[in-house]
Structure formats: structure tokens, C-alpha cells
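To start, the structure under review is shown below, and the notes come after it.
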Amino acid sequence: MDTLADHGVACWRRLAAMVYDLLLLTAVLFLSTALLLPFSGGDAILPDRFGVWAYAYRGALLAVTWAYFFIPWTRRGQTLGMASWKIRLQRKQGGLPGWRECTLRVAVGLLLGLPLLIALYWQGPPLLRWLAAAPALLNYLWSFRDRERRTLQDLMSGCVLEPVRPATPAPTPAR
């Protein structure tokens, strides 16, 4: 339960929604690939065998990923994972985010998250791996410092994650 429910979304809910969305996006990408497998004879779509079509395939996967996030954010303010954890993305001033805010949010997330991916796969010294992970950790640790629980992504994109309050049920008619 959030102790500051009126002041943003707790970090654990953000991360839970992100994991849920990652699982759903993985399923969507698997389905997208499965639809193309009959055209490749069931083989992996790699540049050495399919040439430029392999890059078109990768571009299609990026487009599917883009659509998974951008369309729900600009129409409802929620992806499926966010809806499950009852959180919504909106502009700081209120209203749904536009393409500009969504692009900034993703760009900042990539800039802060890519070093984390490098840290996970890099076999370098542990101290340097922690330093590589620092930007992603700082992004979420910032929410503990901020009064409204905003991450660096929120601040730079002009958006906030807000808890979705359950609607008051309509009264039932008297009989």
C-alpha cells in the first residue's frame, strides 16, 4: 500500500508495471516473429541469409515496440502493465501526454538504461559494472528524493505517473 498515495506512485509499482509490460511486449514480439516465420522457412531472420530483409524485420520489431508504448500512452495514458498496477501517465499540467513527451520519456529511459544493459553483460571489474549501472539506478532512486515520487524520466519529459483511483460505483436503484 502506498503511504503517500496522493503524491505519485511508489517505485515498486513502477517496476512491477515495467516487468509486466516487458513480459507482454515479449509475447507480442514473439507473435510478430511467428507471423513471419512461414516466409523464412522457419529459419532465423539473419542478415547473412536474408540480407536487407533482416534489417527490415528488425525495423518492424522496433515499430511494434514503439506502437506498444506510444499508442496506449497517448490515448489512455496506460499500457496494459500500467493498467494492471493501476497507474497512469499524464502531463504534469494534466491531460494525456503527446508524442513529444512520450519521445522524451523513451529517449531519457534509453540513455539511462543502456549502461545498465552493458553492466549486466559486461565481464569487467565489479566496481566498473556498478558505475555503468549507476545512471539507471539514479533514475529510480531519484523518486525517493522527490516529493512527488518523480523519476528523472518524469522530470525531463514533463510527465508524472499517478495512481488510478477506483471509480465510485453508481448507486443501485431502490426496489
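Below are the figures for this structure:
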item: Residues of segment 135-163 satisfying the condition of being among the small types (Gly, Ala, Ser) and over 14 Å from the mean Cα position of the chain (by Cα); result: SER143, GLY158
item: Residue list for segment 46-82, filter: out of contact with any Ser or Thr (no Cβ under 8 Å at 6 or more places or on another chain) and among the β-branched types (Val, Ile, Thr); result: VAL52, THR65, ILE71, THR74, THR79
item: Tabulated pairs, segment 145-168, first closer than 14 Å to VAL106 by Cβ, second crowded, with 20+ Cβ neighbours inside 10 Å and among the hydrophobic types (A, V, I, L, M, F, W, C), C-beta under 6 angstrom, 6+ apart or interchain; result: ASP154/VAL160; CYS159/LEU89
item: Residue list for segment 23-53, filter: farther than 30 Å from LEU104 by Cβ and small (Gly, Ala, Ser); result: ALA34, SER40, GLY41, GLY42, ALA44, GLY51
item: Options LYS92, LYS86; residue that is in contact (Cβ under 8 Å) with a residue 40 or more places away in the chain, more than 23 Å from ALA136 (Cα to Cα) and basic (Lys, Arg); result: LYS86
item: Conditions (1) without any contact (Cβ under 8 Å) to a residue 60 or more places away in the chain; (2) of a type outside the set (A, V, I, L, M, F, W, C); (3) more than 30 Å from LEU31 (Cβ to Cβ): number failed by TYR121; result: (3)
item: Scope segment 156-166; condition assigned to a loop (DSSP other than H, G, I, E, B) and farther than 15 Å from MET82 by Cα; matching residues; result: GLY158
item: Segment 17-29 residues that are more than 13 Å from MET82 (Cβ to Cβ), paired with ones that are surrounded by fewer than 17 Cβ atoms within 10 Å (Cβ to Cβ) (beta carbon under 8 Å, 6 or more apart); result: VAL28/VAL64; LEU29/LEU61; LEU29/VAL64; LEU29/THR65
item: Lone qualifier among LEU15, LEU29 - being more than 12 Å from the chain's Cα centre (by Cα), modelled with pLDDT of 90 or more, of a type outside the set (Val, Ile, Thr) and under 30 Å from ARG150 (Cβ atoms); result: LEU29
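The values are calculated or read from the model by the stated rules, or taken from the named source; none is laboratory data. Keep in mind that this is a model prediction, so the values were computed, not measured. Every residue, glycine as well, gets a Cβ built from its backbone with ideal geometry; the counts of neighbours run over all protein chains shown.
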